[in-house]
Each structure stands twice: as C-alpha cells, then as structure tokens.
Amino acid sequence: MSEHELEPKAISIIGLGAMGTALASILIDTGNTVTVWNRTSARAEALLARGARRAATVAEALATSDVVNLCLYAAVDATLAGHGAAITGKTIVNLTNGRPDEVRALSTALGSQGARYLDGGIMATPPMIGTPHAFILYSGSADAFEDAKEQLAAFGQSHYLGEDPVLAAVSDLALLSAMYGLFGGYLHATALAGSVGFTAKEFLPLVEPWLAAMMTALPDYAERIDSGDHARDVMSNLQMQSVAISNIVAASHSLGIDPAFMEPIERLAKKRLAAGFGSDEASGIIEAMRGK
Ligand code: NDP
C-alpha cells in the first residue's frame with residue numbers, strides 16, 4: 001500500500017472538468033470505489049477505463065456513496081436541486097470556487113435536508129493534486145471532516161479552518177486575490193519592460209529575484225496590520241512610494257501600456273495620503289481598502 005492508500009471506500013465525484021478529473025483519478029489511485037457523474041458524459045470515459053463507475057444521473061451519484069464531492073464551474077445548487085431525499089444523511093463536499101453568500105445559503109439548505117456540508121477551497125492546479133504541493137482549505141461540519149479526512153488527504157494537505165462554512169471560501173478568494181495581484185503585477189511589469197525591447201525571458205532574471213526579495217517584507221507588513229501601527233520604523237514612506245506608483249501609471253500611458261492594473265493602487269495610495277499618512281509605511285494602504 002502506498003502512503004495515501006486507504007481501505008476501499010465509496011465516494012462520488014460530480015463534475016469532471018480538469019480539476020474533478022484530477023480528484024477522481026487520485027481517489028481511484030488510492031483505492032477508493034469512485035462513482036462519477038458529469039453533465040457532458042463523454043468526459044467520464046478515461047476515468048471509466050481506469051475503474052471508475054458511471055452514475056447515469058446526479059441522483060445515482062448521490063445514492064451510491066456517503067461522501068459526495070462536487071467540483072463544478074458553476075451551478076452547484078442547481079445540480080443538487082430536486083434531490084432532497086437522496087441528500088439526507090450524506091456528506092456533501094463542495095470543492096467549487098464560490099462566494100460566501102452562496103456557500104452559506106447552500107450550507108443552510110443542505111443542513112435543512114439532513115446533509116452534512118463541507119466547503120473546500122483547492123489551492124492547487126490539477127497536476128498538483130496528490131502531491132505535497134497541493135493544499136485544500138475546508139470549513140463546515142467538523143464531524144463530516146473527521147469522517148472524510150482520510151479520503152480527502154489523498155488530494156494534498158488538508159487545512160480544516162472551522163465550523164463556519166464560509167471560512168474556506170473567503171480564505172480561498174483571499175489567497176487567489178494575492179495570486180492575481182502577483183500575476184497582474186508581473187504581467188504589467190513585463191509589458192512595461194517589453195515596451196523598451198526586453199522579451200519576457202530576458203526580463204525574468206530581474207523580476208523573479210525582485211519578487212522573491214519583496215516577499216520577505218510580508219511578516220513586517222502583517223505585524224503592522226495587526227497592530228494598526230504603520231508609523232513605526234518607516235523605511236519606505238508612502239509619500240515617496242506614491243510618487244513611484246504615479247510614475248508607473250504615467251509611464252505606462254506614454255509607453256502605450258494600459259495602466260488599468262496599477263490605477264487602483266494609485267487611487268488607494270492617494271486616498272491614504274490625503275488622509276495625512278504620507279510618512280507611514282505603505283502597509284497602511286490596507287486602512288484605505290477597509291474604508292478608513
Ligand atoms: P473546467 O472548466 O475544466 O470544468 C468545469 C466543470 O463544471 C465541468 O465538469 C462542467 O461540465 C461543469 N459545469 C459547468 N457548468 C455547469 C452546469 N451549469 N451544470 C452542470 N455542470 C456544469 O473547470 P475546472 O475543473 O478546472 O474547475 C472546477 C472547479 O475547481 C472550479 O470551481 C475552479 O475554481 C476549481 N479549481 C480549479 C483549478 C484549476 O487550475 N483548474 C485550481 C483550483 C480550483 P461539462 O463538462 O458538462 O461542461
């Protein structure tokens with residue numbers, strides 16, 4: 001038995017896109033009895049060839065296993081709608097990216113139908129599933145997590161955040177927000193460098209170590225944010241940084257690069273400056289984001 005291999009257990013996967021297929025694959029590899037359903041049934045073929053069982057309907061996927069994972073692009077509630085009796089007594093693990101209001105409504109609706117709800121946020125790409133680099137955030141029913149955690153461990157490292165079902169969804173969106181900020185910044189930087197002739201590969205040896213070095217500022221930022229003290233030991237004050245930010249926006253205009261990615265941070269920096277915090281660290285921009 002491999003490290004992740006489990007006693008055979010029944011588990012259903014609803015949704016066989018790139019991610020649902022990766023989740024189903026690793027559950028097969030770790031010895032589970034896996035039943036799959038997808039709106040477009042042809043997408044199940046490769047998994048069937050590897051030993052998965054096909055559910056002809058959502059109702060069948062629900063009936064076959066006590067633990068039912070959903071990994072869709074949208075329409076989780078619509079997919080489960082009308083299956084009230086089949087849902088009772090099940091553990092529903094929703095691994096679909098979603099908004100907290102949707103998650104709370106789904107959790108309440110499923111709870112009233114006698115199901116246990118776990119919300120999951122997958123912090124990995126499909127090829128990372130089953131590797132130590134994948135981690136998945138969970139929140140919702142603690143009992144459901146306890147019962148399903150051995151199976152869920154096959155996906156990667158599990159982080160159970162608490163009973164409030166929205167904890168995983170909000171943390172997932174927060175981490176994605178950090179990722180899109182990083183990627184958006186990288187793309188803007190590469191477009192800017194490209195406007196004076198650098199290819200992306202030529203620019204990479206400059207931007208990659210720069211971002212890695214800037215990452216080391218995060219613990220100091222976290223301390224300032226939690227204490228609310230952005231004024232102590234200031235090394236790079238906001239007044240100075242806001243000039244650089246405005247220079248980026250102006251240079252983007254003149255070099256033919258759309259500054260849209262940088263404009264919001266310029267607006268927030270100016271708001272903070274106007275509130276009189278120019279001599280603080282730029283970590284204080286979070287207060288402008290919070291509407292202060
Ligand atoms: P895909 O686009 O590859 O697949 C989408 C899946 O959703 C398909 O199974 C599709 O069915 C189904 N679907 C979409 N709309 C409906 C609907 N109205 N009714 C029924 N089924 C529907 O997406 P992924 O598999 O990549 O993503 C699935 C989830 O995993 C998302 O929430 C995503 O945010 C999350 N995730 C994905 C990552 C990635 O890198 N791929 C990374 C981390 C999280 P059909 O085949 O019939 O179209």
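The values are calculated or read from the model by the stated rules, or taken from the named source; none is laboratory data. Predicted model, so just to flag it, every value in this text is computed and none were measured. Using ideal geometry, Cβ is built from the backbone for each residue, glycine included, and neighbour counts are taken over all protein chains shown. Accessible surface areas use protein heavy atoms only, side chains included; no ligands, DNA or RNA. Shrake-Rupley method; radii C 1.70, N 1.55, O 1.52, S 1.80 Å.
For the reader, a short list of remarks on this structure follows.
- Residues (touching a helix residue (DSSP H, G or I) at 6+ places or on another chain (Cβ under 6 Å) and of a type in the set (Gly, Ala, Ser)) located in region 141-182: Ala154, Ser158, Ala169
- Near pairs, Cβ below 7 angstrom, 6+ apart or cross-chain, from region 51-62 (in the same structural domain as Gly31 (by TED's automatic domain parsing) and touching a residue at least 40 places away in the same chain (Cβ under 8 Å)) to any residue that is assigned to a loop (DSSP other than H, G, I, E, B) and surrounded by 15 or more Cβ atoms within 10 Å (Cβ to Cβ): Val58/His83; Ala61/Ala55; Leu62/His83; Leu62/Lys90
- Unique match (being assigned to a helix (DSSP H, G or I) and open to solvent by less than 10 Å² (accessible area, probe 1.4 Å)) among Ala105, Ala42, Ala61, Ala109: Ala61
- Complete set of residues in region 68-90 that are under 21 Å from Gly17 (Cα atoms) and in contact with a helix residue (DSSP H, G or I) (Cβ under 7 Å, 6 or more places away or on another chain): Val68, Asn69, Leu70, Cys71, Leu72, Val76, Asp77, Thr79, Leu80
- Single match in Asp77, Asp119 (criterion: touching a residue at least 12 places away in the same chain (Cβ under 8 Å), under 24 Å from Arg39 (Cβ atoms) and part of a helix (DSSP H, G or I)): Asp77
- Scanning region 129-153 for residues that are under 14 Å from the mean Cα position of the chain (by Cα) and either within 12 Å of the ligand (Cβ to nearest atom) or at positive phi (or both) returns Ile129, Ala134, Phe135, Ile136, Leu137.
- Failed criterion for Ala63 (all others in (1) within 10 Å of the ligand (Cβ to nearest atom); (2) farther than 18 Å from Phe155 by Cβ hold): (1)
- Tally, over region 92-128, of residues that are within 16 Å of the ligand (Cβ to nearest atom) and closer than 14 Å to Thr79 by Cβ: 8
- Tally of residues being within 16 Å of the ligand (Cβ to nearest atom) and open to solvent by 60 Å² or more (accessible area, probe 1.4 Å) across region 82-91: 1
- Of the residues making up region 169-224, just one is of a type outside the set (D, E, K, R), within 20 Å of Gly284 (Cα to Cα) and in contact with an Asp or Glu (Cβ under 9 Å, 6 or more places away or on another chain), namely Tyr221.
- Any hit, region 117-124, residues being at pLDDT 95 or above and surrounded by fewer than 21 Cβ atoms within 10 Å (Cβ to Cβ): yes
- Among the residues listed as Gly156, Gly162, Gly181, Gly185, the single one being within 15 Å of the ligand (Cβ to nearest atom) and of a type outside the set (A, V, I, L, M, F, W, C): Gly156
- The one condition from (1) surrounded by 16 or more Cβ atoms within 10 Å (Cβ to Cβ); (2) touching a Pro at 6+ places or on another chain (Cβ under 8 Å) that Gly15 does not meet is (2).
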